[in-house]
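Here the structure comes first, spelled out in structure tokens, and everything after it is commentary.
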Amino acid sequence: MSSKIEINIGSIGLTNLMDEDSDFIPIIADEDESAIDEFVVPDSLPILPLRNTVLFPGVVIPITVGREKSLKLVREVYAKKGLLGAVSQIDYEVEDPEVEDMNKIGTVAQIIKILEMPDGTTTVILQGKKRFEIEEMVSNDPYHIAKINTLKDIRPENEDNQFKALVGSIKDIAIKVIKLSPQIPNEATFAIKNIEGSSFLINFISSNSEMKLSKKQGLLDLGALQDRAMRLLELLSAEVQILELKDDIQSKVKTDMDQQQREYLLHQQMKTIQDELGGNPGEEDVMELEEKALEKLWGDEVAEVFEKELKKLQRLNPAAAEYSVQLNYLQEMIDLPWNEFTKDNFDLKNAQKVLDADHFGLEKVKDRIIEHLAVLKLKGDLKSPILCLYGPPGVGKTSLGKSIASALDRKYVRMSLGGLHDEAEIRGHRKTYIGAMPGRIILGMKKAKSSNPVFILDEIDKVGSDHKGDPSSALLEVLDPEQNSAFHDNFLDVDYDLSKVMFVATANNIGAIAAPLRDRMEMIDVSGYITEEKAEIAKRHLIPKQLENHGLTAEHVEVPNEVIVQIIEKYTRESGVRGLDQKIAKLMRGIAKKVAMEDSYERVIKVDELKSYLGAERFNRDKYQGNEFAGVVTGLAWTSVGGEILYVESSLSPGKGKLTLTGNLGDVMKESALLAQEYLRAHAAKLDIKQEAFDNWNLHIHVPEGAIPKDGPSAGVTMITSIASAFTQRKIKKNLAMTGEITLRGKVLPVGGIREKILAAKRAGIKEIILCHENERDIEEIKPIYLKGLKFHYVEDVMDVLAIALMKQKVKEPVLI
């Protein structure tokens with residue numbers, strides 16, 4: 001059975017459930033004050049830091065205890081029926097306060113009850129006994145213990161009429177505060193009226209008044225009761241004045257109040273209170289901006305604009321809607337780095353080391369970057385082409401930009417342009433619009449906090465355009481070294497110098513970049529990697545990274561070179577290494593699972609174990625299909641994710657010379673097929689084909705993988721070779737591939753993407769490649785390691801292609817002749 005004792009005095013609302021057989025300390029409003037003075041306190045006490053309250057002698061307060069140290073302290077003290085020292089913190093945000101973080105004066109307290117609340121928190125009910133002062137800290141473990149000196153409240157020897165009048169005034173004004181404060185229940189008035197003891201009344205009101213913690217501590221610090229009462233009366237009087245002022249303002253603007261009038265009232269209240277306290281938010285904002293402006297290194301023109309806009313802010317009422325717009329504009333100006341530069345590190349040998357450490361291969365790209373940095377070192381500015389790194393995904397274009405920033409000791413900013421279709425994203429909105437903000441170029445500079453960062457414009461080929469404007473046109477000014485020294489952002493409305501910024505763009509498909517924008521950039525081809533390079537990248541970068549990401553070390557797992565090669569060739573088909581990184585991550589997840597579950601496994605991964613970690617093999621080495629059938633030719637194609645081999649199949653059936661094309665072909669490839677057929681019809685005699693064959697046999701050309709759209713001129717020579725093979729029934733030379741465009745006269749024209757196509761041919765096991773003779777210059781620019789094991793045939797005429805590609809013996813006697 002339990003009895004319920006409810007305390008609701010002032011602002012305290014507390015329900016305390018206590019068993020009848022427990023020790024009960026009654027909570028008495030006017031406890032015998034002499035008993036408190038004679039209360040015996042030991043020389044040292046455990047110290048309980050209080051975050052946001054001050055405990056006074058005689059007052060009962062509930063506190064929530066959450067810190068481990070504090071929980072241990074209160075439970076041990078409560079178990080021993082001992083005492084503790086309650087001391088308020090100087091800064092309530094300090095999580096683990098030391099002696100210097102606490103006030104010197106506190107209150108000896110006794111724990112009445114510890115309550116475990118339903119929400120999991122612990123509430124402790126404390127009753128203050130005597131004031132004390134911390135002399136020195138004796139111990140900090142497991143909680144603070146201090147040597148203390150108890151302090152006695154000095155009461156007037158004879159409570160004369162003046163002191164009685166002072167106490168009466170405090171009681172009256174406290175009741176007035178309760179009546180004026182809507183958040184304090186009126187029942188608290190009854191409790192105040194029934195308190196008889198003068199010291200308890202002063203302490204109780206001091207504890208429960210809504211004043212700052214520092215002011216409450218100041219009251220506790222005062223040893224003379226009359227001084228504490230006088231100071232309390234002053235504070236309560238100031239609070240009554242504020243409450244009366246608020247009440248007066250509310251009564252004046254109460255009638256017919258709509259939403260706009262309510263907002264006005266709130267601003268007026270704030271202004272009146274701040275005026276009474278000696279502060280004005282508008283003046284504080286202006287002073288803060290002026291102080292920050294003194295540190296800026298901007299030019300005279302920008303300084304003049306800032307001063308003009310600052311004066312405009314001073315004239316605005318803080319309650320006006322335009323005030324926040326103007327303040328936001330000035331804040332953006334202040335936050336931008338104006339002529340604030342980081343010091344460049346022009347140690348080019350160090351830059352070369354950084355690039356080599358971060359990226360394996362890509363020698364031509366790294367040489368061009370070093371040349372770019374060398375010019376910057378010698379000339380001191382960037383009046384040179386903007387670099388645009390283009391190539392398939394996952395080859396390291398974006399990370400190259402990060403490496404440049406690291407080598408130069410510059411700040412790094414990346415801005416993704418994928419899907420951008422609003423010009424305001426680049427140039428910003430005019431500040432008069434609602435929700436206006438600067439463009440992403442200016443926001444990037446603000447983020448960099450430097451006027452010379454390395455600024456990556458990622459996916460510049462994926463910029464779109466619609467009715468909101470053309471962002472690629474807005475980028476023209478950004479990327480033109482002759483113009484970007486005075487870049488104009490609509491929000492900023494003042495020229496900003498971007499000439500010291502090193503812009504590096506990245507793209508997958510340069511054909512999708514607008515011609516004027518492409519003209520302002522120097523295109524650097526970052527093509528794919530061969531198997532050997534991918535294996536080296538995996539060993540140097542990907543495996544160590546994934547080991548760290550999955551909480552593993554080299555002692556947990558070893559991935560031999562042959563396993564890496566197997567993953568590259570059987571589980572990925574890409575020019576870059578992003579898919580390879582994902583497969584290695586999947587492998588590491590499998591290892592991590594076995595380590596965490598303490599299952600047995602082989603530390604050194606074997607090739608035949610890959611299936612258990614990565615599943616079934618997804619690819620065969622690009623599936624070279626051999627030369628068993630006439631009409632099947634291997635071509636080379638370029639895609640946005642690298643090079644691929646492409647098969648063209650031709651077959652004949654009796655009919656009336658109809659041409660059928662299948663395989664999801666684009667217009668260019670369809671025209672190449674028509675062109676090839678017409679050329680062969682015109683030169684049939686040279687290939688020993690009768691003219692009747694073209695009229696009596698239907699020709700069907702198919703390019704496998706019909707779900708994938710295909711287009712481009714590169715398949716011209718492949719088409720004509722496939723048709724010639726079908727009509728002559730002569731097979732194609734083994735391990736041969738080709739690429740090139742044809743004309744109606746039979747000329748072979750050059751095509752692009754040679755390096756990617758060469759990599760695709762090597763992956764497929766091709767040994768010989770037919771190219772236009774003009775593509776020989778592209779081959780000369782490719783590193784010898786990429787060309788190892790390949791033989792090239794450079795041709796000018798279609799007949800040269802057929803002479804190389806068609807084997808002399810026929811599969812069978814042609815049914816066409």
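The values are calculated or read from the model by the stated rules, or taken from the named source; none is laboratory data. This structure is a prediction, so every number in the text was calculated from the model and none was measured. Every residue, glycine among them, receives a Cβ derived from its backbone with ideal geometry; neighbour counts consider all protein chains shown.
Considering only residues that are more than 20 Å from GLY765 (Cα to Cα), of a type in the set (Gly, Ala, Ser) and either assigned to a strand (DSSP E or B) or touching a Phe, Trp or Tyr at 6+ places or on another chain (Cβ under 8 Å) (or both), which ones fall in the stretch 636-661? Let's see the steps before the verdict.
Just the residues of the stretch 636-661 that are more than 20 Å from GLY765 (Cα to Cα), to begin with: 640, 650-661.
So of that shortlist, the ones also of a type in the set (Gly, Ala, Ser) come out as 640, 650-651, 653, 655, 657.
Listed by number, the residues that qualify are SER650, SER651, SER653, GLY655, GLY657.
From the list GLU548, GLU562, GLU522, which residue is assigned to a helix (DSSP H, G or I), surrounded by fewer than 21 Cβ atoms within 10 Å (Cβ to Cβ) and over 29 Å from the mean Cα position of the chain (by Cα)?
Selected residue: GLU562, the only one of GLU548, GLU562, GLU522 that is assigned to a helix (DSSP H, G or I), surrounded by fewer than 21 Cβ atoms within 10 Å (Cβ to Cβ) and over 29 Å from the mean Cα position of the chain (by Cα).
For GLU741, indicate whether it is buried (at least 18 other Cβ atoms within 10 Å of the Cβ), assigned to a strand (DSSP E or B) and among the acidic types (Asp, Glu).
Yes; evaluated as a whole, the condition is true for this residue.
Looking only at the stretch 662-684, count every residue that is in a helix (DSSP H, G or I) and more than 17 Å from ILE708 (Cβ to Cβ) and tell me the total. Outline the logic, then answer.
Going through the stretch 662-684, the residues in a helix (DSSP H, G or I) turn out to be 667-682, 684.
In the following step, the residues that additionally are more than 17 Å from ILE708 (Cβ to Cβ) were identified as 671-682, 684.
Here the count works out to 13.
With the requirement that a residue be within 26 Å of ARG745 (Cβ to Cβ), loosely packed, with under 14 Cβ neighbours inside 10 Å and of a type in the set (Ser, Thr, Tyr), what does the stretch 661-707 give you?
none
So how many residues does the stretch 320-360 have that are modelled with pLDDT of 85 or more, aromatic (Phe, Trp, Tyr) and not in a helix (DSSP H, G or I)?
Count: 2.
Counting just the residues of the stretch 152-166 that are of a type in the set (S, T, N, Q) and part of a helix (DSSP H, G or I), which one comes out modelled with the lowest pLDDT?
ASN161
Give me the pairs, please: first residue somewhere in the stretch 423-439 and assigned by TED's automatic domain parsing to the domain that holds ASN484 and charged (D, E, K, R), second residue anywhere and surrounded by 15 or more Cβ atoms within 10 Å (Cβ to Cβ) and outside any loop (DSSP other than H, G, I, E, B), beta-carbon distance under 7 Å, and either six or more positions apart or on two chains.
Hits for this filter: GLU423/GLY469; GLU423/PRO471; GLU423/ALA474; GLU425/ARG440; GLU425/PRO471; ARG427/ALA474; LYS431/VAL325; LYS431/TYR329.
Out of everything in the stretch 477-512 that is among the hydrophobic types (A, V, I, L, M, F, W, C), more than 27 Å from the chain's Cα centre (by Cα) and under 26 Å from LYS449 (Cα atoms), what residue ends up being surrounded by the most Cβ atoms within 10 Å (Cβ to Cβ)?
VAL494
Sort through ALA724, ALA693 and tell me the only one that's assigned by TED's automatic domain parsing to the domain that holds PRO654, in contact with a helix residue (DSSP H, G or I) (Cβ under 9 Å, 6 or more places away or on another chain) and either part of a loop (DSSP other than H, G, I, E, B) or farther than 14 Å from GLU649 by Cα (or both).
ALA693
Scan (1) in contact (Cβ under 8 Å) with a residue 60 or more places away in the chain; (2) part of a strand (DSSP E or B); (3) polar (S, T, N, Q) for the single condition SER169 breaks and write down its number.
Single failed check for SER169: (2).
Looking only at residues that are surrounded by fewer than 13 Cβ atoms within 10 Å (Cβ to Cβ) and without any contact (Cβ under 8 Å) to a residue 24 or more places away in the chain in the stretch 296-311, which one is farthest from LYS446 (Cα to Cα)?
LYS311
Could you figure out which of (1) modelled with pLDDT of 85 or more; (2) surrounded by fewer than 16 Cβ atoms within 10 Å (Cβ to Cβ) isn't true of LYS179?
Looking at each condition in turn, LYS179 falls short on (1).
Go through the stretch 764-787 and report how many residues are modelled with pLDDT of 85 or more and in a loop (DSSP other than H, G, I, E, B).
2
Go through (1) touching a residue at least 60 places away in the same chain (Cβ under 8 Å); (2) surrounded by 22 or more Cβ atoms within 10 Å (Cβ to Cβ) for ALA538 and report which single condition fails.
(1)
Please go through the stretch 737-767 and pick out each residue that is within 23 Å of ILE568 (Cα to Cα) and of a type in the set (Asp, Glu).
Result: GLU756, single match.
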